[in-house]
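Rule-based calculations on the coordinates, nothing more; no lab input. Source: prediction; values computed, not measured. Positions of Cβ are backbone-derived with ideal geometry, glycine not excepted, and every protein chain shown enters the neighbour counts.
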Amino acid sequence: MGQIHIITSEYPPQLGGVSDYTRTVAEGLAAAGEEVHVWCPDVERGDLAALSPQALQLECSRAAEDQSGGEPPHSKVFVHRKMGAFTPRDLRLVSRLLEEFPAPRRVLVQWVPHGYGFRSMNLPFCLWLWQRGLSGDEVELMVHEPSLGFGEGSWKHNIVAAVHRLMTVILLRATRQVWVSIPAWEKRWRPYTLGRTVEFRWLPVGSNIPVVASQTESRQIRERYLNDGGRLVGHFGSYDANTVELLLKSVSPLMKHDATLLLLGHGSERMRAAMIEHNPAVADRVHATGSLSPDELSQHLVACDLMLQPYIDGVSSRRTSTMTALAHGVPVVTTAGKFTESLWTASDAVALAPAHDVDELVRSAARLLPNEMARQRLATAAKKLYEEHFHPRRTIDALREGVETL
């Protein structure tokens, strides 16, 4: 059995993709026999405000296990909510606590620059990781988001982008192993190794939602939203500004094809309100669930005839919302853009439209909605693609290879 320390900017019951991903990895490693210690900030009240009553009850019970040092039935994960605001004082405390564990310590950092405070410019945190590496810890980075780009905003944005480059140089001095959620991040980071030997490996992000749907409950969900028949089109995601724009442009033409749109998860109610404000005529054909527990989300996903998942920069292996649909075997209509890996086209497992072509996005959905055989073929290919490339066990296997080499 190995021992792995995971540092993350968020962990359940805090909301977020990194939070869910980290739990999946921590529990997967522990279920495989590793001793896992998660180091994260304490829970804030605001993190709980958006949860449904069912999800809140689930998260609070899990948090109670974490805080008490309890062991979930299938794993052994110890959660240390000691990272505070990632200030130098917080980091000194965590250093003292880490020193209580046997060396060499394997430290896996979930990296998103905006996650560690200081307005995404936490240079002290990066220097601290460098110091941990110099002191003998085996520091590894899982890069979910690399850095801001230049020329994408105001002069203040460019200053942050410049600081991010300096942070990248420091982080790459702290580690010899970088995991990336998409291959594009390696191209973004490798120049900042400055000739130093650093291994980059692609580690796709899988679904965080277990498949627990039953036909009976999914049928009841369909009946709830499809009073007059037709097809149910779902969307699950973060509802960021770019996605909102694409959905707003898609919803009205989609309604012409006997479709009802079901928006899933946190932020969906605001999205529905924006759609109705944009076009009041769609009010009866657009529904929103609000926050859902994992089991509820699984039921709602399977109830959909297909998922509409547009991304301004294209679908990629870091899009957990699409991974969740693939894992559930739901046909997906999505977009191809600058970050879309070649396997999406080669696998023929999703229907692809150019990222900026809303008309083609809607046409792709319209072709599939009345064609059950085509949807079933896409669903089968989707599950196959997910099992072969994105299932969390592949992540666990890759990370455990590192345990065996220590």
**Request:** Go ahead and set up a Gaussian network model of the chain, Cα springs under 10 Å, then flag whichever of ARG92, ARG318, ARG132 fluctuates most.
**Result:** ARG92
**Item:** Order of THR193, THR335 - criterion: other Cβ atoms within 10 Å of each residue's Cβ, fewest first
**Value:** THR193, THR335
**Request:** For segment 35-42, take each phi angle, set θ = phi - 60°, evaluate the Karplus expression 6.51 cos²θ - 1.76 cosθ + 1.60, and give the result in whole Hz per residue in order, putting x for glycine and proline.
**Result:** 8, 10, 10, 9, 10, 8, x, 6
**Request:** Work out how much length SER347 to ALA273 would gain on full extension: take 0.36 nm times their residue separation and subtract the Cα-Cα distance, in nm to one decimal.
**Result:** 23.0 nm
**Request:** Can you tell me the FRET efficiency between SER95 and ARG367 if r is taken as the Cβ-Cβ distance and R0 is 51 Å, rounded to the nearest 0.05?
**Result:** 0.35
**Request:** Taking amide H positions as placed in the peptide plane 1.01 Å from N, state which residues far from ALA32 in sequence (5 or more) or on other chains have amide H under 5 Å from it.
**Result:** none
**Item:** Radius of gyration and maximum dimension Dmax of the chain, Cα, Å
**Value:** 21.7, 66
**Message:** Test of understanding: ordering TRP179, TRP155, TRP111, TRP344 by Cβ neighbours within 10 Å, fewest first, what list do you get?
**Reply:** TRP155, TRP344, TRP179, TRP111
**Fill in**
Counting sequence-distant residues (5 or more places) and residues on other chains, those with an amide H built under 5 Å from that of TRP179 are LEU141, MET142, VAL143, ARG201
**Prompt:** Between segment 316-364 and segment 120-195, what's the alpha-carbon centroid distance in Å?
**Reply:** 28
**Item:** When the convex hull of its Cα atoms is projected in every direction, mean area for segment 123-228 (nm²)
**Value:** 11.6
**Complete:** For segment 286-406, using Cα atoms only, the Rg and Dmax in Å read 15.5, 54
**Fill in**
Most exposed to least, judged by fewest other Cβ atoms within 10 Å, THR243, THR320, THR380 sort to THR380, THR243, THR320
**Asked** Among GLU277, GLU341, GLU152, which one moves the most in a GNM of the chain with springs linking Cα atoms closer than 10 Å?
**Response** GLU152
**Asked** So what's segment 237-339 giving for Rg/Rh, alpha carbon basis, Kirkwood Rh from the mean inverse pair distance?
**Response** 0.93
**Item:** Tail beyond 28 Å, pair distance distribution of segment 215-390 (Cα, percent)
**Value:** 13
**Asked** Do the sum for the chain: with -39,500 (n - 2.57) for every DSSP H run of n ≥ 4, divided by all residues, what is the mean residue ellipticity at 222 nm, to the nearest 500 deg cm²/dmol?
**Response** -14000 deg cm²/dmol
**Message:** As an exercise, take the mean of 1/r over every pair of distinct alpha carbons in segment 167-306, invert it, and state the Kirkwood radius in angstroms.
**Reply:** 17.8
**Asked** Just THR175, THR197, THR22 to compare: in a GNM of the chain, with alpha carbon springs under 10 Å, which one fluctuates most?
**Response** THR197
**Asked** Modelled label-to-label distance, ASP357 and TRP202, 7 Å Cα→beta-carbon offset: nm?
**Response** 2.4
